[in-house]
Structures are given as structure tokens and as C-alpha cells.
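Here the structure comes first, spelled out in C-alpha cells, and everything after it is commentary.
Where a number appears in this text, it was derived from the coordinates with a stated rule and is not lab data. None of these values were measured; they are calculated from a predicted model. Positions of Cβ are backbone-derived with ideal geometry, glycine not excepted, and every protein chain shown enters the neighbour counts.
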């Protein structure tokens with residue numbers, strides 16, 4: 001089980017960087033399109049879909065890791081006294097789930113929007129989702145539960 005856990009954590013970490021880099025690029029494209037009044041290009045929609053695919057993969061990896069972590073911790077009773085356990089089982093999980101839901105809602109509203117409003121909706125929804133993700137990543141500088149830059 002430890003080897004599987006290690007592999008899943010590494011995949012989760014690698015995918016984090018893919019999400020962050022693609023997210024920055026998608027926000028750049030959406031912001032440039034919105035602020036410069038550009039006509040909607042389907043390429044932006046494709047990039048948004050790739051972003052969502054990476055988020056969904058991250059969610060699946062995270063759910064498996066959540067199950068492993070939860071089973072090792074013995075339930076929620078042992079979480080309150082351990083800040084690292086509480087962070088991963090509660091704060092990280094809930095905020096990331098909200099970010100992914102917000103990104104998917106944004107994709108829906110982008111799809112339904114008139115062409116002149118697509119970039120704005122993409123920028124706002126994906127931007128807030130991206131900020132939620134940044135706030136809930138266990139960065140290396142976080143005392144007690146920060147993760148290394150890679151793996």
C-alpha cells in the first residue's frame with residue numbers, strides 16, 4: 001500500500017504543476033480576450049476543456065488519496081488534534097472540490113454565453129477557481145504540512 005500511496009502522491013504533485021501552468025495560460029488568454037475585446041476563438045474553449053480534464057484527473061487522484069489517508073487516520077476523531085491531518089482531510093479537500101465545481105460551472109456559463117461575453121466569464125470563473133486552488137495547495141513554506149516542490 002505504501003508504494004501505491006507514493007506513486008499516487010507523485011502523480012498528484014506532477015498534475016498540480018500541469019494545472020497551475022495551464023491555468024495561468026488559460027487566464028492569460030481569457031484576460032487578453034476580455035480586456036482587448038477580441039472575438040471568441042474556439043482555441044480558448046479547447047484550452048478551457050484541457051484545464052477541466054486536468055482538474056478532473058486531479059480530483060480522482062485526490063479522492064483515492066483521501067480514502068487512503070482517511071483509512072490510515074482512523075476517521076475524523078483523530079483529525080482535530082493534528083493540524084496536518086485536519087488540513088488534508090478538511091480544508092484542502094473542501095476548497096479544492098469547490099474550486100473544481102466553480103471551474104465546471106464556469107465552463108457551463110462560458111458555453112451558454114454570447115460570443116462577446118465568453119472571455120469575461122472564463123476569466124472570472126476560472127480566476128476565482130484558480131485563486132481557491134492556490135490558497136489550498138500545501139506549499140513547502142507551510143509549517144507542519146507543506147509538501148515539497150516536487151513529490
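Here the relative contact order of the range 22-151, from alpha carbon pairs under 8 Å that lie six or more residues apart, stands at 30 percent. For the chain, the longest principal axis of the Cα atoms and the long axis of helix 2-35 meet at an angle of about 20 degrees. GNM on the chain, alpha-carbon springs under 10 angstrom: the most fluctuating residue among 141, 110, 26 is 141.
Taking other Cβ atoms within 10 Å as a rough exposure proxy, 125, 70, 35, 51 sort from fewest to most as 35, 70, 125, 51. Listed from fewest to most Cβ neighbours within 10 Å, the set 118, 112 follows the order 112, 118.
For the pair residue 35 and residue 50, label points projected 7 Å from Cα toward Cβ lie 2.2 nm apart. Taking the fewest neighbouring Cβ atoms within 10 Å as the starting point, the ordered list for 134, 55 is 134, 55. Which FRET efficiency, nearest 0.05, do residue 72 and residue 21 yield, Cβ-Cβ r, R0 35 Å? The pair residue 72/residue 21 has a calculated efficiency of 0.65. Distance between the 7 Å Cα→Cβ label points at residue 82 and residue 43: 4.8 nm. The overall shape of the chain is prolate: from the C-alpha gyration tensor, with semi-axes ordered a ≥ b ≥ c, the ratio a/c is 1.5 or greater and a/b exceeds b/c.
Extension gain for residue 111 to residue 98 (0.36 nm times residue separation, less C-alpha to C-alpha distance): 2.7 nm.
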